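The values are calculated or read from the model by the stated rules, or taken from the named source; none is laboratory data. Worth saying up front: this structure is predicted, and the values here are computed from it rather than measured. Every residue, glycine among them, receives a Cβ derived from its backbone with ideal geometry; neighbour counts consider all protein chains shown.
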């Protein structure tokens, strides 16, 4: 099928790396694997991050105009070149979809959403306009692909049929991670030589942007947890960059002097080797929806220690592929890291389980099949 793809949060062509951009690109790749042609419908971002009602009204008006222009342009195409389905990725009160419902209605094509949320507490608040627009889009959807089970109740409340909600695990192309797993020793030796690391010590790994807000708060919890682990041998490798880099690295250094190596931004192509060289992936996941890095860490065979935020428990199986702690609980996070540092056999068992879980349940092939089946159903 010909798919018009639209992410109101951030286009997949955006220059700034993020989990949202990564997931958008993966959805496009999965649709391609299933044999569908994908066209980026528009780069318009409807996001208002400040709760400015006037800005939301302006964005809505601009969205209406863009929808009308886009519809007119698409109707000028020959029927065999028009989109057969519209798919919007990630809509919520801060980034509603002002385009898809109108275009789909006029062209008489199915309207599908991947990842949506609706929180009743937003009604009447600073994002009330965006909240209501998001709800209207959800109600119009022929199918909503849920990546975060925590969002399901809010979404189903706006669907005419609960069966329109479809489970889709967050996913990655796990093949590159599987390909490097057998060369762990070589990748570890390369990193040790490049950064002067002790390969005999366990390496904790983090891959996350360094920006104010939720990410900075997660790093603060991480620093508080690591401060409790000074009596054990370990080293932290941090892949990431951003405007809060200096205070974040300073906090990590203060918590455990000489134990952190900042790698800066790491290219996606180099992530599999980095993750394969590690021993434990650690991330507090404060207000995390699900965390793409947690999927990729498991694909690389790293047991995960994380906060049980949002959809994290759906992709990290507590006690089977990792250990989860209450969100923001630094002592509990530290205790889970300590449990794995002290028990290499348990680390190895979890590592084997994470790789198997990722390759069987979190791989792009399964996502492609789910997307294909969903599009086929709404087309009927």
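Report whether or not residue 319 is crowded, with 24+ Cβ neighbours inside 10 Å and under 28 Å from residue 184 (Cα atoms). The answer is no for residue 319.
Applying a threshold of 6 Å to beta carbon distances and a minimum spacing of six or more residues, or different chains, the list of pairs starting in region 1-17 at a residue that is free of Cβ contacts under 8 Å to residues at least 60 places away in the same chain and ending at one that is surrounded by fewer than 21 Cβ atoms within 10 Å (Cβ to Cβ) and assigned to a loop (DSSP other than H, G, I, E, B) reads 11/43. Any chance you could count how many residues in region 18-45 are over 26 Å from residue 72 (Cβ atoms) and in contact (Cβ under 8 Å) with a residue 24 or more places away in the chain? Total meeting the criteria: 12. Note on region 264-317: enclosed helices (runs of 4 or more DSSP H) holding 2 or more residues that are within 23 Å of residue 168 (Cβ to Cβ), without any contact (Cβ under 8 Å) to a residue 40 or more places away in the chain and touching a helix residue (DSSP H, G or I) at 6+ places or on another chain (Cβ under 9 Å) are 312-315.
Kindly indicate which of 24, 72, 57 is under 17 Å from residue 112 (Cα atoms) and assigned by TED's automatic domain parsing to the domain that holds residue 375. Being under 17 Å from residue 112 (Cα atoms) and assigned by TED's automatic domain parsing to the domain that holds residue 375 holds for just one of 24, 72, 57, which is 24. Filtering region 321-357 to residues that are closer than 27 Å to residue 217 by Cβ and either outside the structural domain of residue 225 (by TED's automatic domain parsing) or outside any helix (DSSP H, G or I) (or both) leaves 321, 322, 323, 324, 325, 326, 327, 328, 329. For residue 351, the conditions (1) surrounded by fewer than 18 Cβ atoms within 10 Å (Cβ to Cβ); (2) at pLDDT below 95 all hold with the exception of (1). When restricted to residues that are crowded, with 21+ Cβ neighbours inside 10 Å and part of a loop (DSSP other than H, G, I, E, B), region 210-233 contains 1. A residue that is surrounded by 18 or more Cβ atoms within 10 Å (Cβ to Cβ), within 18 Å of the chain's Cα centre (by Cα), free of Cβ contacts under 8 Å to residues at least 40 places away in the same chain and assigned by TED's automatic domain parsing to the domain that holds residue 9 occurs somewhere in region 124-146.
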